[in-house]
Amino acid sequence: MKRTFYTRLILVLLLGSHVSAQAQDDKKISFTGAARSLFYADKLTQDTSAIDTVTIPKLNSGHVLVDLGINIRPNKNTEILAMVRLRNDYGGFWGSGVTFDLRQMYVKGVIGGIVKYQLGDFNYRMTRYTMWNYDQEVISNAPLAFQQQTDLVNYDHFYNSDHSWRQQGASLGFALQFSRFVQELQVNAVTTRVKTSDFGLTPDRLFSGINLQLVQSKYLEAGFNYVNLYDVPGTSKNASGFQNPVYTGTLQARYETKNWEAKLDAEFGNSKTRFKNDTLAPDWKDKFMDGSATISQNQTGLHVTVNAKIVGSAFRSPGAQTKRIDYNGLPQAYQRITSNQDLRQLTMLDLMRESSFYNLQFHPYLMDFAPRYDNITPYGDATPNRQGMTIKLKYAKKSIPVTAEFAHSQLQEVRGEGTLMPRKFNRNTFTLDAKLNEFFKGWKKQIHLTLNYRDDKTNREGEDLVKAVDLKTNCLSAGLEIEVLKSFDLLFGIQQLSYKGFDYTAVRNTYSEIFNFSEYRVDGNETLQAIGARYRFSEKTFLSAQLNQFQSKNALSSLPDYSIKQFMLLFQMKF
Amino acid sequence: MKYSLLFSAIISLVVFSGCKTDDEFDGPSLNDLYGKFSIVEPLSASVYDVDFGTGQTTFFKASFSKNIAWKLNITGLESGAKKEITGFSNVLDATNATWNGTITKLPLFRIEDCAVELTFDTETDTLRDTLHVASARINEGFLLSDFEDGVNPGWQSFAQSGASMSFAVQTSDSAAQGAKYFDMGGVVDWDWLLGYLYLPASAYGATTYPLSANPDEVFFNSMIYKSESLSNGILLFQFTEDDNGDGTFTSANEDMYSIQVTLSENGWSQLSVKYSDLATLVNGSPATPAGNGVHEPNKLSQVNVLFLKNPSSGYAHTRLDYLIFTQGAPLVP
């Protein structure tokens with residue numbers, strides 16, 4: 001009998017790790033969620049001879065909140081979740097300051113045992129050039145003492161370690177298994193609503209994506225991805241409409257022996273950006289290629305990765321280039337300082353703990369960024385107008401409780417900005433993670449050391465009155481966690497960021513076209529120090545108390561140097 | 001440190017030798033925005049004795065160290081006519097600085113010397129030159145009159161016997177075109193009408209004006225003048241059609257289209273109106289056409305120019321020059 005090409009249709013992989021696995025217990029109703037209590041006491045000190053009689057130097061703030069989710073499983077193929085958030089700001093008695101919000105709601109399940117679907121709210125991720133939520137700058141690799149506060153911001157905005165975006169819409173997935181040549185074909189599709197029509201000039205905006213992943217064997221995989229952020233015609237009185245389709249292909253190959261492992265990972269594709277019926281708008285298309293090769297030697301624990309990439313200057317992928325941070329925001333704490341009540345610039349401290357800068361929606365344009373924090377990859381790997389190589393050397397061995405990585409990147413612009421000469425970018429990073437207690441025999445209590453160093457340089461030669469570009473950013477952070485009593489840790493952390501130099505920053509119009517340049521000059525540093533203690537009630541519950549000191553020095557700012565001392569008390573529980 | 005530098009040098013060599021950059025750049029030129037400005041080639045003209053009447057043109061040449069917003073002003077030293085050409089570039093040449101004798105502001109250029117001045121938005125430098133207009137530009141169209149030869153004997157004219165009356169051709173340097181214009185003014189306190197000029201087609205040797213039948217292609221143009229302190233004058237242009245082709249206009253059953261112009265802009269200004277935009281007016285208000293209601297410029301038998309004013313408004317004054325029909329577009333003087 002002639003065998004059919006595919007033998008059976010089964011569900012294999014649907015939304016991957018970015019959708020939590022369906023609970024295995026048989027309860028029809030269960031509760032899930034989190035609770036926290038957070039208190040900040042801040043004190044501002046300004047290094048100025050002019051006494052500030054306007055700004056209140058001490059600020060207390062905080063809240064207690066509960067995210068309460070009800071999980072309902074009416075049958076074995078369906079799961080419904082509704083989660084509400086109850087929040088009460090400290091000082092808000094008798095209903096004042098209390099908010100009650102629906103945090104998330106979804107229905108998910110399996111149709112006919114084959115197609116998995118999810119409707120409502122979900123987190124979704126595709127590839128690094130199609131749909132990827134890159135970490136925020138500077139603070140994402142901070143020591144644990146600071147990470148506790150950043151984790152709250154990330155949790156509130158559904159930023160997960162898998163770099164998925166929180167979306168609202170529908171997704172589905174299924175897989176086909178084959179008996180010959182190819183093991184499996186995974187099919188995933190998603191459509192989400194990014195913006196709603198106001199029935200005036202703002203149309204409905206949707207984001208749709210398709211991923212086809214062909215698993216040939218454990219040695220070879222290939223994928224096709226299509227995403228598009230687009231306005232739906234007819235949903236507003238605006239005749240013009242935005243469209244940004246991105247097509248990419250991926251290839252993963254791996255080969256391993258007893259002592260060696262080799263991996264190839266590549267993605268390539270193109271984008272088109274159109275504003276239909278808008279005669280003033282540009283019509284852009286561009287391409288990218290990104291390939292990495294890694295060779296690992298298991299005996300020595302050495303891993304060498306070489307990456308080469310080129311991303312065109314007009315490559316646009318809103319799903320991958322939208323930033324977490326909206327740099328047009330203003331800090332809530334001490335927004336204006338000095339007697340003149342000058343606006344305070346956003347700092348590392350604000351990025352660590354304030355929610356108001358963070359963004360949840362895809363933007364059709366390139367968002368503003370802060371060159372002093374990251375001038376090289378402000379939009380992650382998908383940053384347009386970059387080409388060059390990165391070499392990574394990594395040491396990681398199961399038997400040794402230390403991992404270390406050094407990476408060196410040399411990039412330059414594909415197309416100059418305002419001149420034919422491209423800017424050149426140079427980055428060195430070093431990370432070290434050591435569980436020191438494992439070096440001492442019999443010492444079971446944890447001693448965890450982390451080190452991070454980043455050194456960025458941007459250069460371009462000058463000509464005539466066009467100044468040379470020379471911008472440097474250094475970021476050094478170190479963290480130490482010592483478990484002095486069972487489940488009781490002392491936490492230490494320091495992060496120092498310095499930036500100095502000059503660049504021309506592009507001023508873009510609503511289509512992201514550069515129409516002007518502004519001179520950007522910085523000379524400053526920011527330091528964040530922490531000492532604290534944490535008691536772990538369980539893996540998911542802890543109480544933490546910290547003293548933080550933040551210092552900002554900026555030689556070119558009209559603001560004086562200042563420091564903010566912060567006491568933080570945090571109780572957090574997940575259930 | 002030594003090894004680090006060596007490592008960086010090797011990587012740089014490998015990476016940047018393989019990187020290719022585009023031969024164009026994004027955004028405006030930084031050199032234009034921040035670079036030093038200097039004159040590379042001074043201002044000059046391709047023709048210094050330019051004969052616009054034969055269709056000759058001249059273009060200006062200059063070049064600078066960077067792209068910049070520039071303005072070229074040409075001023076007639078006798079007429080005061082002005083032509084302005086603007087651009088953003090680092091070079092002036094035939095593509096962006098050609099002058100064909102047209103104006104930006106009335107009056108028209110005549111045979112005269114002209115001063116040329118090149119200025120820049122963001123720089124204090126000014127470049128100057130002079131040239132000579134050997135003959136003025138000739139505009140295509142059917143010219144009713146530029147008053148250079150006085151009043152056409154085939155016209156009919158009438159002026160009230162009011163006070164300070166003027167209803168005649170005047171010679172002056174301040175004419176919109178050439179050296180003469182028709183001057184109208186006076187005080188009439190018993191009637192709206194100060195006077196009129198009737199310009200029948202017969203004055204040009206035909207029963208109707210030699211115009212296209214398509215009213216969307218025919219434009220009537222005239223240069224009119226408002227004295228600075230007087231705004232009470234009204235010019236009424238009437239266009240009578242011989243709908244039935246009997247050689248006479250009968251107001252009861254033939255079309256008369258009009259345009260009424262209230263003088264508002266001081267000095268000379270240009271009136272241009274498409275024939276199909278002319279309306280039937282009775283005492284200044286829209287009315288139903290008396291004839292077939294079809295705009296037929298090929299049946300135009302007479303053009304009337306009436307100068308009106310409110311009888312109680314005192315002295316009124318205007319000037320009239322260069323009445324011309326053009327085909328396809330308004331007059332570009």
Determine whether B:Asp255 is in contact (Cβ under 8 Å) with a residue 40 or more places away in the chain, crowded, with 18+ Cβ neighbours inside 10 Å and closer than 16 Å to B:Asn304 by Cβ.
-> yes
Scanning the range A:544-562 for residues that are surrounded by fewer than 16 Cβ atoms within 10 Å (Cβ to Cβ) and in a strand (DSSP E or B) gives A:Leu547
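For the range A:484-492, check the following and say yes or no: at least one residue is over 19 Å from A:Ser409 (Cβ atoms), out of contact with any helix residue (DSSP H, G or I) (no Cβ under 7 Å at 6 or more places or on another chain), within 11 Å of another protein chain (Cβ to nearest Cβ) and surrounded by fewer than 18 Cβ atoms within 10 Å (Cβ to Cβ).
Keep residues of the range A:484-492 that are over 19 Å from A:Ser409 (Cβ atoms), which gives A:484-492.
Then keep just the ones that are out of contact with any helix residue (DSSP H, G or I) (no Cβ under 7 Å at 6 or more places or on another chain); that gives A:484-490.
In the following step, the residues that additionally are within 11 Å of another protein chain (Cβ to nearest Cβ) were identified as none.
The answer is no; no qualifying residue exists.
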Hey, any hits in the range B:21-40 for a residue that's at pLDDT below 95, in a strand (DSSP E or B) and away from chain A (no Cβ under 14 Å)?
-> yes
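Which residue out of B:Leu230, B:Leu235 is in a strand (DSSP E or B) and surrounded by 15 or more Cβ atoms within 10 Å (Cβ to Cβ)? Steps first, please.
Values: B:Leu230 fails: in a strand (DSSP E or B).
Only one candidate qualifies: B:Leu235.
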Single unsatisfied condition, A:Asn437 versus (1) modelled with pLDDT of 95 or more; (2) buried (at least 16 other Cβ atoms within 10 Å of the Cβ) = (1)
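Is it the case, given these coordinates, that B:Lys2 is within 9 Å of chain A (Cβ to nearest Cβ), surrounded by fewer than 12 Cβ atoms within 10 Å (Cβ to Cβ) and at pLDDT below 90? So that I can check it myself, show each step before the final result.
Details: within 9 Å of chain A (Cβ to nearest Cβ): no; surrounded by fewer than 12 Cβ atoms within 10 Å (Cβ to Cβ): yes; at pLDDT below 90: yes.
Spelling it out, it is not the case that B:Lys2 is within 9 Å of chain A (Cβ to nearest Cβ), surrounded by fewer than 12 Cβ atoms within 10 Å (Cβ to Cβ) and at pLDDT below 90.
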Could you identify the single residue in A:Phe502, A:Phe517 that is modelled with pLDDT under 95, assigned to a strand (DSSP E or B) and among the aromatic types (Phe, Trp, Tyr)?
-> A:Phe517
Determine the pairs where a residue that is within 23 Å of B:Thr318 (Cβ to Cβ), located within the range B:267-287, has a partner that is basic (Lys, Arg) and surrounded by 13 or more Cβ atoms within 10 Å (Cβ to Cβ) with Cβ atoms under 9 Å apart, the partner being 6 or more residues away or on another chain.
-> B:Gly267/B:Lys105; B:Gly267/B:Lys226; B:Trp268/B:Lys105; B:Trp268/B:Lys226; B:Trp268/B:Arg319; B:Ser269/B:Lys226
Would you pick out the residues in the range A:476-502 that are under 12 Å from A:Leu528 (Cβ atoms) and touching a Gly at 6+ places or on another chain (Cβ under 6 Å)?
-> A:Gly479, A:Gly493
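Just wondering, is there one or more residues in the range B:53-63 that are aliphatic (A, V, I, L, M), within 14 Å of chain A (Cβ to nearest Cβ) and under 21 Å from B:Val91 (Cβ atoms)? Steps first, answer last, please.
Going through the range B:53-63, the residues aliphatic (A, V, I, L, M) turn out to be B:62.
With the extra rule that they be within 14 Å of chain A (Cβ to nearest Cβ), the set shrinks to none.
There is no residue in the range B:53-63 that is aliphatic (A, V, I, L, M), within 14 Å of chain A (Cβ to nearest Cβ) and under 21 Å from B:Val91 (Cβ atoms).
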Selection within the range B:165-180 - surrounded by 19 or more Cβ atoms within 10 Å (Cβ to Cβ) and under 14 Å from B:Ser227 (Cα atoms) = B:Ala175, B:Ala176
Name the one entry in A:Gln321, A:Gln335, A:Gln345, A:Gln361 that is away from every other protein chain (no Cβ under 13 Å) and either without any contact (Cβ under 8 Å) to a residue 12 or more places away in the chain or among the β-branched types (Val, Ile, Thr) (or both).
-> A:Gln335
So which residues in the range B:262-298 are buried (at least 17 other Cβ atoms within 10 Å of the Cβ) and within 22 Å of B:Val332 (Cα to Cα), if there are any at all?
-> B:Leu263, B:Trp268, B:Ser269, B:Gln270, B:Leu271, B:Val273, B:Tyr275, B:Leu278, B:Pro297
Hey, could you check the range A:39-67 for residues that are touching a Ser or Thr at 6+ places or on another chain (Cβ under 8 Å) and in a loop (DSSP other than H, G, I, E, B) and say which is surrounded by the fewest Cβ atoms within 10 Å (Cβ to Cβ)?
-> A:Thr53
Can you work out which of the residues in the range A:385-405 that are under 25 Å from A:Phe288 (Cα atoms) and either under 23 Å from the mean Cα position of the chain (by Cα) or crowded, with 20+ Cβ neighbours inside 10 Å (or both) is farthest from the other protein chains (Cβ to nearest Cβ)?
-> A:Lys392
If we ask which residues in the range A:406-450 are touching a Phe, Trp or Tyr at 6+ places or on another chain (Cβ under 6 Å) and away from every other protein chain (no Cβ under 11 Å), their number turns out to be 2
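Report yes if B:Leu194 is crowded, with 20+ Cβ neighbours inside 10 Å, more than 23 Å from B:Leu108 (Cβ to Cβ) and either of a type outside the set (Ser, Thr, Tyr) or over 21 Å from the mean Cα position of the chain (by Cα) (or both), otherwise no.
Numbers: crowded, with 20+ Cβ neighbours inside 10 Å: yes; more than 23 Å from B:Leu108 (Cβ to Cβ): yes; either of a type outside the set (Ser, Thr, Tyr) or over 21 Å from the mean Cα position of the chain (by Cα) (or both): yes.
So B:Leu194 fits the description; yes.
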Would you mind stating whether A:Ala293 is under 25 Å from A:Gln252 (Cβ atoms) and not aromatic (Phe, Trp, Tyr)?
-> yes
Of the residues in the range A:68-117, how many are hydroxyl-bearing (Ser, Thr, Tyr) and not in a loop (DSSP other than H, G, I, E, B)?
-> 4
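The values are calculated or read from the model by the stated rules, or taken from the named source; none is laboratory data. The structure displayed is predicted, hence computed values, not measured ones. So basically every Cβ, Gly included, is an ideal-geometry build from the backbone, and we count neighbours across all protein chains shown.
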